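Q: This is the structure I want to talk about, given as structure tokens.
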Number of protein chains: 2
Amino acid sequence: MIDRLNRVFPPLERTLVGIGDDAAVLQTPPGGGCLLFSTDAVIEKVHFTAATPPALVGRKALAVNISDIAAMGGVPLWAVVNLGLPESTAVSYCDRLYRGLAELAEEWGVEIVGGDTFRSPGGVVIVAPTVVGKVEKNRYILRSGARAGDLILVTGRLGENPDRKHLVFQPRVREARFLAERHPPSAMIDLSDGLFSDLRRICAASGVGAELDAAALPVRPGVSKKNLPAVLRAAGRGEEFELLFTASPRRARALLKTFKSSVGTEVTVIGKILPEPGRLELVDFSGRRRSLPVSGWDHFKA
Amino acid sequence: MIDRLNRVFPPLERTLVGIGDDAAVLQTPPGGGCLLFSTDAVIEKVHFTAATPPALVGRKALAVNISDIAAMGGVPLWAVVNLGLPESTAVSYCDRLYRGLAELAEEWGVEIVGGDTFRSPGGVVIVAPTVVGKVEKNRYILRSGARAGDLILVTGRLGENPDRKHLVFQPRVREARFLAERHPPSAMIDLSDGLFSDLRRICAASGVGAELDAAALPVRPGVSKKNLPAVLRAAGRGEEFELLFTASPRRARALLKTFKSSVGTEVTVIGKILPEPGRLELVDFSGRRRSLPVSGWDHFKA
């Protein structure tokens with residue numbers, strides 16, 4: 001779908017990065033910093049259910065887009081929100097959804113500057129925010145910069161309270177800014193489709209391969225380190241919204257020293273980048289190489 | 001709905017104009033010009049039908065947002081497009097929709113820099129673009145600047161081929177820029193909900209009243225100038241996407257001299273702004289004052 005889009009919409013000069021990364025990177029009209037531009041919709045029956053508290057629906061819709069801005073190394077500034085509601089929706093549902101959205105917006109200094117509400121003729125709630133952020137020129141972080149020999153790192157723990165994390169996660173803005181300012185990764189992405197899928201994205205964009213070390217994967221404490229399928233299930237599921245990034249061994253060593261004490265979040269080396277494009281491997285608990293699982297949960301998206 | 005949004009999302013300092021006008025006005029991070037930010041969704045069964053050619057659906061979705069940028073006096077630069085498709089949608093439908101969108105984008109120098117495609121569980125096509133544009137600081141035109149004594153003007157002709165115009169209209173970017181640069185209106189809006197509804201919006205935002213002259217309304221040639229209901233129906237319908245604006249009599253006289261020869265579009269004085277808020281009148285063909293019709297077609301939107 002991204003290829004189709006890129007064929008139909010070839011990039012202009014004032015656009016530094018168009019379709020295909022976590023967010024577009026736009027040169028502001030007069031010069032100076034760059035704008036980041038992210039849009040992702042959350043849909044009832046796909047990303048949440050009718051039983052999901054509306055405040056968490058609003059929160060999630062904004063959080064996934066803030067997470068995309070973070071994955072570019074940027075700071076979110078503004079959002080507009082397109083909200084599709086079934087005809088029968090109570091006003092209180094809408095109010096609570098907006099409140100959840102507004103609370104997260106306030107927490108991250110994001111201002112909601114516009115929106116459109118439409119009747120959703122299909123009877124499902126659709127929340128489609130667009131978030132605009134900023135990043136210093138030459139400080140944004142793409143998916144395409146991973147180089148052979150780079151280490152692969154991930155923030156936080158994977159597989160934690162999976163029914164809830166996708167609704168209440170904190171977008172990793174502080175972590176991303178710490179990296180962008182102090183220890184710029186060679187490539188970065190947020191884990192929306194799952195560790196294995198999103199690592200494949202970095203590798204495809206960078207033209208490299210990768211190996212992950214199963215024993216190093218930072219899964220939640222309850223998962224037995226002896227049960228490989230359980231570890232891979234926990235690590236590979238989608239909507240974790242942690243940062244997955246690559247850095248040279250020297251840079252990785254430097255950031256490992258101060259990351260947790262500076263931003264309060266764990267960071268773990270989980271593998272390394274290989275020179276061969278398409279070589280995607282997992283080193284299991286007994287040191288055997290296997291092919292990398294294909295995906296956790298790959299939702300339908302462009 | 002706008003009031004609700006404004007209560008939940010109070011504006012921050014870097015935002016010059018938040019929710020409630022045609023587009024948000026944002027101060028770019030380093031200074032310089034301003035960004036404009038518009039989002040409006042078009043929905044099957046609300047704004048088009050299953051029989052509408054997909055290229056025109058894509059075109060319209062982008063055009064309504066470019067029109068909002070124009071109504072602020074700005075130039076559109078970038079767009080992202082959220083596209084919701086029923087599961088059964090043919091790839092060719094999607095391609096043709098994108099192509100219609102891309103053609104209009106190219107025509108106006110707008111770059112599509114991102115997008116998300118989602119399965120529309122309700123089975124209707126939803127196209128929700130967000131367009132970002134630019135405008136010089138202090139040159140953007142709000143709805144709130146109309147003053148007693150200002151004349152009311154409108155571009156183009158109203159009621160033309162109503163089944164088709166809402167799909168193929170040209171957003172009035174050139175006209176708006178000509179005004180913003182040479183003869184800044186005191187207030188401006190694009191006609192999305194209809195002349196009467198949108199004039200009410202200008203009056204409400206500006207705290208003034210207005211009178212329209214029925215005989216002056218520039219309706220399409222086929223409408224008898226003796227048939228008041230027909231004239232009002234033609235003039236009042238929604239989705240005309242002409243510019244409605246106000247200007248002092250002196251400025252109006254100046255712009256009337258050069259507008260058509262400069263941009264090729266008609267412009268007509270159709271009434272004047274009254275000092276009394278809430279006084280909304282129509283002067284009919286015999287010079288009698290009536291109250292202004294309430295609306296043409298007021299679709300459900302925030």
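Values in this text are rule-based calculations from the coordinates and carry no lab data. What you see is a predicted model, and the numbers here were worked out from it, not measured in a lab. Positions of Cβ are generated from backbone atoms using ideal geometry, with glycine treated the same way; all protein chains shown enter the neighbour counts.
Q: Tell me, what is a quarter of the convex hull surface for the C-alpha atoms of segment A:37-133, in nm² with one decimal? Could the numbers behind the result be given before it?
A: Details: hull surface 21.9 nm².
Value for segment A:37-133: 5.5 nm².
Q: Contact order normalised by length for chain B, with contacts defined as Cα pairs under 8 Å and 6 or more residues apart; what percent is it? Can you show the working numbers first?
A: On the way: 693 pairs, mean separation 62.1, N = 302.
Once normalised by length, the contact order is 21 percent.
Q: For B:V125, B:V294, A:V135, which order do you get if you count the other beta carbons within 10 Å of each Cβ and list the fewest first?
A: Values: B:V125 26, B:V294 12, A:V135 23.
Fewest-to-most ranking of B:V125, B:V294, A:V135: B:V294, A:V135, B:V125.
Q: What ratio of Cα Rg to 2.2 N^0.38 Å holds for segment B:151-291? Don't skip to the end; give the middle numbers.
A: Working: Rg = 14.2 Å, N = 141, 2.2 N^0.38 = 14.4 Å.
Taking N as the residue count of segment B:151-291, the ratio is 0.99.
Q: For chain B, find the longest principal axis of its Cα atoms and tell me its angle to the long axis of helix B:54-71, 0 to 90°, nearest 10.
A: Compared with the principal axis, the helix lies near 50 degrees.
Q: What angle, in degrees between 0 and 90 and rounded to the nearest 10, separates the Cα long axis of helix A:249-263 from the longest principal axis of the Cα atoms of chain A?
A: Between helix and principal axis, roughly 50 degrees.
Q: Also, quick follow-up: Of B:G74, A:I270, A:T49, which is farthest towards the positive pole of the protein assembly as shown's charge dipole, taken about the Cα centre with +1 and -1 on the beta-carbons of Lys, Arg and Asp, Glu respectively?
A: Result: B:G74.
Q: Nearest 10 degrees, 0 to 90: what angle lies between the long axis of helix B:91-107 and the longest principal axis of chain B (Cα atoms)?
A: Tilt of helix B:91-107: around 50 degrees.
Q: Given label points at 7 Å from Cα along Cα→Cβ, what nm distances, shortest first, separate B:R174 from the same residue in every other copy?
A: Ordered by increasing distance: 5.4 nm.
Q: What is the Å³ per residue value for the convex hull set by the Cα atoms of chain A? All intermediate terms of the calculation are to be shown ahead of the outcome.
A: Details: hull volume 41.6 nm³, N = 302.
Given the Cα convex hull of chain A, per-residue volume reads 138 Å³.
Q: Between B:R279 and A:D95, what is the label-point separation in nm under the 7 Å Cα-to-beta-carbon projection?
A: 3.7 nm
Q: Which loop-located trypsin sites (Lys or Arg not before Pro) does segment B:142-245 contain, where loop means any DSSP state but H, G, I, E or B and the Cβ has at most 11 other Cβ atoms within 10 Å? Please list the in-between numbers first.
A: Numbers: sites: B:R143, B:R147, B:R157, B:R164, B:K165, B:R172, B:R174, B:R177, B:R182, B:R200, B:R201, B:K225, B:K226, B:R233, B:R237; in loops: B:R143, B:R147, B:R157, B:R172, B:K225, B:K226, B:R237.
Those satisfying the criteria are B:K226.
Q: Here is a follow-up. If I stretch the segment between B:R250 and B:A148 completely, what's the gain in nm (0.36 nm per residue apart, minus their alpha carbon distance), one decimal?
A: Numbers: separation 102, 0.36 × 102 = 36.72 nm, distance 1.36 nm.
Result for the pair: 35.4 nm of gain on full extension.
Q: Given the rule -39500 (n - 2.57) for each run of at least 4 DSSP H residues, summed and divided by the residues of chain B, what is its mean residue ellipticity at 222 nm, to the nearest 500 deg cm²/dmol? Write down the numbers at each step before the final one.
A: Numbers: 8 runs with 95 residues, N = 302.
Value at 222 nm, helices only: -9500 deg cm²/dmol.
Q: May I pose another question? How many percent of all Cα-Cα pairs in the protein assembly as shown sit more than 44 Å apart?
A: Numbers: 40922 of 182106 pairs.
The answer is 22 percent, as a whole percent.
Q: Note down the relative contact order for segment B:52-139 as a percent, whole number, built from C-alpha pairs under 8 angstrom at least six residues apart. Each step should come with its number before you reach the end.
A: Working: 151 pairs, mean separation 42.2, N = 88.
The normalised contact order for segment B:52-139 reaches 48 percent.
Q: To continue, here is another question. Given a Förster distance of 60 Å, report the FRET efficiency between B:K257 and A:R164 from their Cβ-Cβ distance, rounded to the nearest 0.05. Walk me through the intermediate numbers first.
A: Working: r = 66 Å, r/R0 = 1.09.
It comes out at approximately 0.35.
Q: May I ask which residue of chain B has the beta-carbon nearest to the axis carrying chain B onto chain A, and at what distance in whole Å?
A: Whole-Å result, nearest residue of chain B to the axis: B:G122, 0.
Q: In nm, one decimal, shortest first: how far is the label point of B:E87 (7 Å from Cα along Cα to beta carbon) from the matching points in the other copies?
A: Values, ascending and in nm: 2.4.
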